[in-house]
Amino acid sequence: MGMVRTVAAVFGAIYLLVGLVGVVLPSPLLGLFEVNALHSIVHLLVGAILLYGVSTTPAAIMTTRGVGAVLLLLGVLGFITPDGMGLVPLGGNDIWLHLVTGAILLAAGYVGETADTRTTV
């Protein structure tokens, strides 16, 4: 399995786990991150999307780029609207978490395309 597929698998599993924990435990999650039911559902969806990406290298590239871009956008939105327009908490520690994980996923989607393509050709 190539690097981009591995990154999609690891982050997919993490987001699924965080989504499940967010459903079971009261907020703030781990004492650091504010979550609500919708936020937990989004985490479950992100995890499922990333795990779908494990199926093939092109799917992993597409999902890591797409999810990475969305997470970067959410990180920036956390500065503008920390309460996520009343829908999901985006401020506080969620800002840096979204920015960091988004950057890692986006980088994996672009670096992985080159690295994984070279090894499969």
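The values are calculated or read from the model by the stated rules, or taken from the named source; none is laboratory data. Everything numeric here is computed off the predicted structure, so don't read it as measured data. Positions of Cβ are backbone-derived with ideal geometry, glycine not excepted, and every protein chain shown enters the neighbour counts. Ligands, DNA and RNA are stripped out before the accessible areas are found, and what is left, the full protein with its side chains, is counted by its heavy atoms. Shrake-Rupley method; radii C 1.70, N 1.55, O 1.52, S 1.80 Å.
Annotations for the structure displayed:
- Identity of the residue in the range 65-89, among the aliphatic types (A, V, I, L, M) and at pLDDT below 95, that ends up nearest to G2 (Cα to Cα): V88
- Screening I61, I95, I49, I41 for residues that are in contact with an Asp or Glu (Cβ under 6 Å, 6 or more places away or on another chain) and either under 25 Å from G2 (Cα atoms) or β-branched (V, I, T) (or both) leaves exactly one candidate, I61.
- Selection over the range 99-115 of residues that are modelled with pLDDT under 90 and crowded, with 21+ Cβ neighbours inside 10 Å gives a count of 1.
- Subset of the range 81-98 that is surrounded by fewer than 18 Cβ atoms within 10 Å (Cβ to Cβ) and of a type in the set (G, A, S) - its residue that is farthest from R65 (Cα to Cα): G86
- Any chance A69 is under 17 Å from A9 (Cα atoms) and either among the hydrophobic types (A, V, I, L, M, F, W, C) or surrounded by 14 or more Cβ atoms within 10 Å (Cβ to Cβ) (or both): no
- Taking the range 74-87 as the range and being in a helix (DSSP H, G or I) and either of a type outside the set (A, V, I, L, M) or more than 22 Å from A9 (Cα to Cα) (or both) as the test, the residues that pass are G75, V76, L77, G78, F79, I80, G84, M85, G86.
- The lone exception for L51 - which of (1) closer than 19 Å to L105 by Cβ; (2) touching a Leu at 6+ places or on another chain (Cβ under 9 Å); (3) touching a residue at least 40 places away in the same chain (Cβ under 8 Å); (4) open to solvent by less than 50 Å² (accessible area, probe 1.4 Å) it fails: (4)
- Among the residues of the range 16-48, just one is buried (at least 18 other Cβ atoms within 10 Å of the Cβ) and in a strand (DSSP E or B), namely L29.
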